[in-house]
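Encoded as structure tokens, here's the structure I'll be asking about.
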């Protein structure tokens, strides 16, 4: 009876081991390193169990067959685990996995007799214990994320929407349906306020931050009559730095009616792993030298942040955030054609001019008017010639055309005043100049409104 059970267990263990050895490389690249390491540990534990059970089988033929299967399985699993971990940059973690596989292979190949059985059992038990303890022992050394470095994933669909930026007293003359709706909206807002208060108390006690998020759509009343970001943040009980960084807002002027705002319950700074605008670059640089203890990794709608609880804008960040202006892209220039309708110097027709033309010698440095990400590069376009498009966030982009040389590439992060190219006369041009555009949500706007 025992022999039959051992035979079944051994065969199942070998099958499980072979399956893990084959699936392992795919699993490694589809999941995280800790899961991959765990898979390797489980596979080797299965092999150890198979070694112990195989020695209980009396049939020499079956034992020989199992030995052959186990050798193949251990080689496959050990090699796949070690190679995958090395490719992933987890070289130290590959050492115990490979060592366990080598020990198991030796037991399978050379173990025999009473001494061999005892050695096999003791070694198998040792490997099982070492493998069980392997993850916590080798995880940090291998560079695996510890528990506090794992990402908390959040999507808009999980967030509760609040309809008002403050408690709204119901109108006693309203109908019952309106009263009921207002009551429900107020209850959601009051629940949000209570969670904010609870989170503030927890942060004062240095407890782990509550990673809960609400959602609010900006109303016309939030941005009219001189109101803006500062007043809205106050009414929503949000620190300016928290509200700006979690929503990717570079400037206090970059909010508008209909925009959805993510509202974190816990306050602090959300620093993106891949900064997209000048403010995010500035904050990332400021916090790069700060202690990382207590920070939390969070993924919000697919964008990854490191959250620093309790942190606020520095004085530099505050000044930058409230600076609404852009700088001209040339230090030396002559305005030769303004924004708006004009007589085209090429065709002589009355046409709309989507930017401004700034005359300057060929080779004059062209600078980014504001920080952002290079969204596009064009070469020898029939109209614009060589041109660069920069995305500044908040729906604003800038275009620099007729360049003789481009110093940046698509996807590059640039800061205000950084050289991005040189003046030229490529494309549809009558002489050396820079054609400069500002677009809001894809629509041309007069650059004069934004240049300081």
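The values are calculated or read from the model by the stated rules, or taken from the named source; none is laboratory data. Everything quoted here is computed from the prediction, not taken from an experiment. Cβ coordinates were reconstructed from backbone atoms using ideal geometry, including for glycine residues, and neighbour counts include every protein chain displayed.
Taking the options 268, 258, 226, name whichever one is farther than 16 Å from residue 313 by Cβ and either touching a helix residue (DSSP H, G or I) at 6+ places or on another chain (Cβ under 8 Å) or at pLDDT 85 or above (or both). Full working, then the answer.
Values: 268 fails: farther than 16 Å from residue 313 by Cβ; 226 fails: either touching a helix residue (DSSP H, G or I) at 6+ places or on another chain (Cβ under 8 Å) or at pLDDT 85 or above (or both).
Of the residues listed, the single one that is farther than 16 Å from residue 313 by Cβ and either touching a helix residue (DSSP H, G or I) at 6+ places or on another chain (Cβ under 8 Å) or at pLDDT 85 or above (or both) is 258.
Moving on to the next point. Checking residue 206 against (1) under 14 Å from residue 308 (Cα atoms); (2) surrounded by 11 or more Cβ atoms within 10 Å (Cβ to Cβ); (3) touching a residue at least 12 places away in the same chain (Cβ under 8 Å): exactly one of these is not met. Which one?
Residue 206 satisfies every listed condition except (2).
Another question, if that's okay. Only one residue in 319, 284 is within 19 Å of the chain's Cα centre (by Cα) and free of Cβ contacts under 8 Å to residues at least 24 places away in the same chain, so which one is that? Give the steps one after another, and end with the answer.
Details: 319 fails: within 19 Å of the chain's Cα centre (by Cα).
The unique qualifying residue is 284.
Is there a residue being surrounded by fewer than 18 Cβ atoms within 10 Å (Cβ to Cβ) and under 30 Å from residue 273 (Cβ atoms) anywhere in the stretch 326-339?
So far as the stretch 326-339 goes, yes, one or more of its residues are surrounded by fewer than 18 Cβ atoms within 10 Å (Cβ to Cβ) and under 30 Å from residue 273 (Cβ atoms).
With respect to residue 307, determine if the residue is outside any strand (DSSP E or B) and surrounded by 17 or more Cβ atoms within 10 Å (Cβ to Cβ).
On the way: outside any strand (DSSP E or B): no; surrounded by 17 or more Cβ atoms within 10 Å (Cβ to Cβ): yes.
No.
Also: Which is outside any helix (DSSP H, G or I) and at pLDDT below 85, of 136, 145? Even if it seems obvious, please write down each step before you answer.
Numbers: 136 fails: outside any helix (DSSP H, G or I).
Step by step, each of 136, 145 is checked, and only 145 is outside any helix (DSSP H, G or I) and at pLDDT below 85.
May I ask you to verify whether residue 427 is exposed (fewer than 14 other Cβ atoms within 10 Å of the Cβ), in contact with a strand residue (DSSP E or B) (Cβ under 9 Å, 6 or more places away or on another chain) and in the same structural domain as residue 357 (by TED's automatic domain parsing)?
Values: exposed (fewer than 14 other Cβ atoms within 10 Å of the Cβ): no; in contact with a strand residue (DSSP E or B) (Cβ under 9 Å, 6 or more places away or on another chain): yes; in the same structural domain as residue 357 (by TED's automatic domain parsing): yes.
No; evaluated as a whole, the condition is false for this residue.
Here's a follow-up. Tell me, which strands (runs of 3 or more DSSP E) wholly within the stretch 310-418 include 1 or more residues that are touching a helix residue (DSSP H, G or I) at 6+ places or on another chain (Cβ under 6 Å) and over 29 Å from residue 261 (Cβ atoms)?
Working: elements: 334-337, 340-343, 350-353, 356-359, 365-367, 372-381, 385-393, 396-406.
Correct list: 356-359.
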